[in-house]
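Below: the structure, in structure tokens.
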Amino acid sequence: MSIQPLLCAALVALATQASAAAVAAPKAAAGISREALRDALEKNPDLIINALRKDKKTLFQLVNEAAREEQMRAQAEEQENERKDFEASFKDPKTAQIDDKSHVRGPKDAKYTLVEYSDFQCPYCSRGFHTAETLLKKYGNDLRFVYKHLPLSFHPLAMPAAQWFEAVALQSKDKAWQFHDALYQNQDKLSEAFLKETAKGLGIDMAKAEKDAQSQEVKDRIEADVQEAKKFGFSGTPGFLLNGIPVRGAYPAEHFDGIISKLGAAKN
């Protein structure tokens, strides 16, 4: 953040104090309004900067105060925009692609569908995993869970993990879910060796899995998930769609309970 905008923001609060320092004669000061002085200083911030060079402690305090106020304003604006987007999403829910190749837990005709875009190496996605587990237990056959990929570039093991997951799924969807659970339950052990050990422990054809993990089919499947996530505005992980309602971040199960309650109320 540039220092000059912060100084300009601080000048409003400083105007009264500055009038005494910047205007030599009381009679002259009496003819200058607070607003006029503020405008003059905002247009010529070098005047107040020169004055404050003699008191750097005050300058530092003013800039910090202005920075805090700007941060609070930006956060409030962001929260308000998120609230508006959240409310609007109930009228315009997103639609994820779900087909026979998708990784699904729960019945097809469930009342609620939770889609997650996730990264096997992301610590926040580990929280997302536990949240999804909690919701699946709570809602039973009323909820189906769909797992999709969004491996982040700064997590070096995220893409290999996604590729191995898809390779295992080509042999057995049930074993792919076991692989999925094992990786999130042991995220601190994640390594290339751990991926292969976990896959081998599931009794799959390792030669085929090694080949499939590097196949264009697997890479295309992961890329399709990534592009879909981007289309919905997910840049970080985890990202969720609950009946098309976007949730960005590792929110607790209670947050999803609130959306489900709101969805139920909208039907009545």
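Remarks
- For first residues located in region 140-155 and under 19 Å from LEU183 (Cβ atoms), partners that are part of a strand (DSSP E or B) and open to solvent by 30 Å² or more (accessible area, probe 1.4 Å) and lie 6+ apart or on another chain with Cβ distances below 6 Å form the pairs PHE145/ARG105; VAL146/VAL104.
- Of the residues PRO252, PRO246, the single one that is touching a residue at least 40 places away in the same chain (Cβ under 8 Å) and open to solvent by less than 30 Å² (accessible area, probe 1.4 Å) is PRO246.
- Single condition GLU166 does not satisfy, out of (1) closer than 27 Å to GLY233 by Cβ; (2) of a type in the set (D, E, K, R); (3) over 27 Å from the mean Cα position of the chain (by Cα): (3)
- Residue match in region 119-129 (condition: farther than 20 Å from ALA182 by Cβ and in contact (Cβ under 8 Å) with a residue 60 or more places away in the chain): no
- Candidates GLY236, GLY258 - the one that is in a helix (DSSP H, G or I) and either farther than 21 Å from LYS148 by Cα or open to solvent by 30 Å² or more (accessible area, probe 1.4 Å) (or both): GLY258
- Residue list for region 222-268, filter: charged (D, E, K, R), at pLDDT below 95 and farther than 19 Å from LYS111 by Cβ: ARG248
- Pairs where the first residue, in region 84-108, is without any contact (Cβ under 8 Å) to a residue 40 or more places away in the chain and the second is open to solvent by 50 Å² or more (accessible area, probe 1.4 Å) and part of a helix (DSSP H, G or I), C-beta under 9 Å, 6+ apart: GLY106/ASN141; GLY106/ASP142; PRO107/ASN141; PRO107/ASP142
- Of all the listed residues (TYR117, TYR124), the sole one being hydroxyl-bearing (Ser, Thr, Tyr), assigned to a strand (DSSP E or B) and within 19 Å of the chain's Cα centre (by Cα) is TYR117.
- Applying the set (1) in contact with a helix residue (DSSP H, G or I) (Cβ under 9 Å, 6 or more places away or on another chain); (2) surrounded by 10 or more Cβ atoms within 10 Å (Cβ to Cβ) to ARG53 leaves exactly one unmet item: (2).
The values are calculated or read from the model by the stated rules, or taken from the named source; none is laboratory data. Worth saying up front: this structure is predicted, and the values here are computed from it rather than measured. Backbone-built Cβ (ideal geometry, glycine too); neighbour counts: all protein chains shown. Remember, those area values only see protein heavy atoms, side chains included, never the ligands or the DNA or RNA. Shrake-Rupley method; radii C 1.70, N 1.55, O 1.52, S 1.80 Å.
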